[in-house]
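*Asks:* Below you'll find the structure I mean.
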Amino acid sequence: MTIECDGEETDLIFQPSDRADGSMCHATQLVAQHQIPIATMAGEEPLSETQQAVQTEHVRINGVEYEATLEANGDLRWRSAEAIAGERRLSLDKEVLGIELRGTILVVRSFVEEIKEASCLGTRKQEVKRVRRDYVFELETEEKGMIWGDRLSACIGSLGRPKRLFIIVNPFGGKQCGRKIFANEVKPLLDAANILYTMQETNFQLHAQEIAGSLDVRKFDGIVCVSGDGVLVEVVNGLLQREDWNKAIKVPLGIIPAGSGNGMAKSLLDSGGEPCSISNAVFSVIRGNKRTLDVASVVQGETKFFSVLMLTWGLIADIDIESEKYRWMGSARFDFYSLLRIMNLRKYNGNAQFVPAPGYESVGVPLTQIEKSNQHDDPNLSSEMQISKVKTLQSKGYQGPSVSYDESHWRSIEGPFVYVWLNNVPWCSQDVMPAPEAKFSDGYLDAVIVRDCPRSVLLSLMLKMGDGTYVNSPYVTYLKVKAFQLVPGQRVGNPKKGGIVDVDGEVIARGDVNFSLHDADVKQKQKQYLMSYGPSIQISVDQGLATIFSPR
């Protein structure tokens with residue numbers, strides 16, 4: 001994809017501009033077109049003793065005279081010569097985006113917290129928001145400007161921030177604002193931070209998976225998704241289906257919330273005490289802090305799918321998928337459809353088997369080794385029930401955790417179920433926390449199981465999902481598992497209707513009629529999904545397999 005800039009077409013490889021209007025100069029276009037390596041910021045070499053020393057100068061900042069100090073770690077602080085109190089401090093790591101030096105003028109681009117007044121239903125409250133602000137330092141000589149500029153560049157370079165990113169924008173997710181979000185909120189912050197980037201939009205489902213599967217990851221310090229959770233999941237699957245998956249999956253991933261749910265972005269920002277916003281998510285990528293992330297392998301026969309968020313079956317999957325018709329409502333679609341589904345509640349037959357984490361061994365009933373070996377798999381599950389392209393890709397990619405659970409102490413819970421919900425992170429959307437105890441890389445999935453619950457109680461539980469307290473209800477079974485096996489059955493009272501197995505917002509299996517591998521109509525219906533409804537689906541966790549940008 002190309003764009004027009006200054007009357008010429010150029011590939012979507014950008015260098016932050018030094019023009020006031022944000023346009024790219026011709027030299028930058030040449031860098032973009034030919035991918036000419038450019039000089040990176042200082043910081044690759046150790047700081048000299050002079051650079052490490054605290055430096056104090058009389059400067060003008062935004063036109064006002066101050067005594068300013070540049071500390072050894074790059075933090076800045078200043079106060080007026082007459083003032084005894086009221087010192088201002090700027091943290092290099094937590095507030096500074098980047099710098100620009102022009103002779104004696106040093107511009108420090110920052111993203112600082114400010115207290116904003118907000119009004120709601122006649123009451124006023126204060127909330128903290130980050131805002132862009134530039135501090136223009138006027139030093140006495142160009143030599144001092146160079147010393148301060150080099151020092152700050154070196155300190156920024158030592159923070160391990162990304163220098164070049166590959167950005168995937170989904171223009172169709174959520175309220176279809178991905179393109180606008182990138183242009184208005186993502187790009188300005190990346191430019192201010194002097195980060196180079198290549199941007200590509202997705203054009204169809206699984207396009208991000210294709211992109212990640214063929215991307216030269218050596219050229220980038222991270223892959224960032226401006227989307228909902230679905231594109232991030234596609235990227236993970238694309239990376240793990242490569243021959244060099246073990247190297248590709250080490251590339252840090254980032255997520256900018258631009259979808260309906262945004263569960264991963266919410267979970268990451270909430271873990272750092274940050275409100276879930278687009279700008280905060282971009283800043284967390286810019287700062288370059290990372291954490292490891294568990295990846296779950298979802299397997300049926302030879303078919304694999306990799307999950308980083310959740311697997312649902314029953315009520316929650318019905319709400320997530322069947323509410324697609326109300327996508328125009330944004331995230332409100334989930335609340336609306338939840339009420340509709342609870343009023344006409346469904347239950348599903350089936351079986352859940354699991355290896356509990358320490359402390360949860362009392363949940364369910366013990367499963368003998370004979371019962372475990374006599375699983376509900378159908379030996380006739382053949383290649384015609386698979387998607388050939390996925391099988392081909394996965395035969396050369398990551399095959400899932402090598403740990404065997406055959407000798408583990410499996411336990412079982414029989415249906416019927418209202419829902420089964422497996423979670424890798426605490427939040428599934430910006431206002432729903434299904435797994436308050438979930439950790440990003442503890443090697444476990446947090447399972448939530450509801451078997452029987454009055455409609456009135458179920459509605460109250462749904463209303464308590466905003467803070468996770470619903471898990472304290474006696475109607476809710478909450479536990480951590482090392483491995484899980486789901487055998488989805490048909491709807492109670494209607495054996496010709498099955499449920500939806502939803503992984504990270506995508507349907508992987510659906511049972512609308514009695515499952516029989518010998519029924520041609522069923523085979524035809526099942527071909528559109530990655531997995532078949534009925535045979536057991538096994539889920540296991542690879543602890544800390546992926547890496548993701550995080551506020552801290």
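The values are calculated or read from the model by the stated rules, or taken from the named source; none is laboratory data. These figures come from a predicted structure and were not determined experimentally. Positions of Cβ are backbone-derived with ideal geometry, glycine not excepted, and every protein chain shown enters the neighbour counts. Note: accessible area is taken over every heavy atom of the protein model, side chains too, but ligands, DNA and RNA are not part of it. Shrake-Rupley method; radii C 1.70, N 1.55, O 1.52, S 1.80 Å.
*Asks:* Select from the stretch 328-347 the residues that are assigned to a helix (DSSP H, G or I) and either among the hydrophobic types (A, V, I, L, M, F, W, C) or surrounded by fewer than 16 Cβ atoms within 10 Å (Cβ to Cβ) (or both) and list them in ascending order. Spell out the reasoning first.
*Replies:* Residues of the stretch 328-347 that are assigned to a helix (DSSP H, G or I), as a first pass: 328-329, 332-343.
If the condition is that a residue be assigned to a helix (DSSP H, G or I) and either among the hydrophobic types (A, V, I, L, M, F, W, C) or surrounded by fewer than 16 Cβ atoms within 10 Å (Cβ to Cβ) (or both), then 328, 329, 332, 334, 335, 336, 339, 340, 342, 343 are the ones that fit.
Residues are listed down the side, and each one gets a yes or a no for (1) closer than 25 Å to residue 97 by Cα; (2) outside any helix (DSSP H, G or I); (3) out of contact with any Phe, Trp or Tyr (no Cβ under 8 Å at 6 or more places or on another chain):
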position: 246; (1), (2), (3): no, no, no
position: 270; (1), (2), (3): yes, no, no
position: 275; (1), (2), (3): yes, yes, yes
position: 282; (1), (2), (3): yes, no, yes
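*Asks:* Return only the number of the condition from (1) open to solvent by less than 40 Å² (accessible area, probe 1.4 Å); (2) within 18 Å of residue 360 (Cα to Cα); (3) in contact (Cβ under 8 Å) with a residue 24 or more places away in the chain that residue 437 does not satisfy.
*Replies:* If we test residue 437 against (1) open to solvent by less than 40 Å² (accessible area, probe 1.4 Å); (2) within 18 Å of residue 360 (Cα to Cα); (3) in contact (Cβ under 8 Å) with a residue 24 or more places away in the chain, just (1) comes out false.
*Asks:* If you go through the stretch 249-286, how many residues are open to solvent by less than 10 Å² (accessible area, probe 1.4 Å), under 30 Å from residue 536 (Cα atoms) and of a type in the set (Gly, Ala, Ser)?
*Replies:* 2
*Asks:* Of all residues in the stretch 287-327, which are open to solvent by less than 20 Å² (accessible area, probe 1.4 Å), touching a residue at least 40 places away in the same chain (Cβ under 8 Å) and assigned to a helix (DSSP H, G or I)?
*Replies:* Of everything in the stretch 287-327, those that are open to solvent by less than 20 Å² (accessible area, probe 1.4 Å), touching a residue at least 40 places away in the same chain (Cβ under 8 Å) and assigned to a helix (DSSP H, G or I) turn out to be 315, 316, 317, 318.
*Asks:* So which residues in the stretch 478-500 are under 20 Å from residue 309 (Cα atoms) and open to solvent by 40 Å² or more (accessible area, probe 1.4 Å)?
*Replies:* The one that is under 20 Å from residue 309 (Cα atoms) and open to solvent by 40 Å² or more (accessible area, probe 1.4 Å): 482.
*Asks:* State which residue is surrounded by the fewest Cβ atoms within 10 Å (Cβ to Cβ) when the search covers only the stretch 86-115 and only residues that are farther than 18 Å from residue 68 by Cβ and aliphatic (A, V, I, L, M).
*Replies:* 115
*Asks:* So residue 87 fits all but one of (1) under 30 Å from residue 275 (Cα atoms); (2) touching a helix residue (DSSP H, G or I) at 6+ places or on another chain (Cβ under 9 Å); (3) at pLDDT below 95; what number is the exception?
*Replies:* (2)
*Asks:* Continuing with this model, one more query. Search the stretch 489-513 for residues that are farther than 28 Å from residue 425 by Cα and pair each with any residue that is of a type in the set (Phe, Trp, Tyr) when their beta-carbon atoms are under 6 Å apart and the residues are at least 6 apart or on different chains.
*Replies:* 491/348
*Asks:* Moving to a separate point now. Kindly state which helices (runs of 4 or more DSSP H) lie completely within the stretch 130-239 and contain at least 3 residues that are open to solvent by 40 Å² or more (accessible area, probe 1.4 Å) and of a type in the set (D, E, K, R).
*Replies:* Output list reads 142-157.
*Asks:* Going through the stretch 463-472 one residue at a time, which ones are assigned to a loop (DSSP other than H, G, I, E, B) and open to solvent by less than 20 Å² (accessible area, probe 1.4 Å)? Lay out the reasoning, then the answer.
*Replies:* In the first step, residues of the stretch 463-472 are kept if they are assigned to a loop (DSSP other than H, G, I, E, B); the result is 464-468.
Selection gives 465, 468.
*Asks:* Next question. Among the listed residues 173, 145, 157, which satisfies the condition of being touching a strand residue (DSSP E or B) at 6+ places or on another chain (Cβ under 6 Å) and closer than 24 Å to residue 53 by Cβ?
*Replies:* Only one candidate qualifies: 145.
Results for (1) open to solvent by 40 Å² or more (accessible area, probe 1.4 Å); (2) at pLDDT below 90; (3) within 29 Å of residue 552 (Cβ to Cβ), shown as yes or no for each residue.
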{"site": "52", "(1), (2), (3)": "yes, yes, yes"}
{"site": "62", "(1), (2), (3)": "yes, no, no"}
{"site": "65", "(1), (2), (3)": "yes, no, no"}
{"site": "71", "(1), (2), (3)": "no, no, yes"}
{"site": "74", "(1), (2), (3)": "no, no, yes"}
{"site": "81", "(1), (2), (3)": "yes, yes, no"}
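*Asks:* Hey, another quick one. Name the one entry in 457, 425, 450, 503 that is crowded, with 20+ Cβ neighbours inside 10 Å, in contact with a Ser or Thr (Cβ under 9 Å, 6 or more places away or on another chain) and under 23 Å from residue 343 (Cβ atoms).
*Replies:* 450
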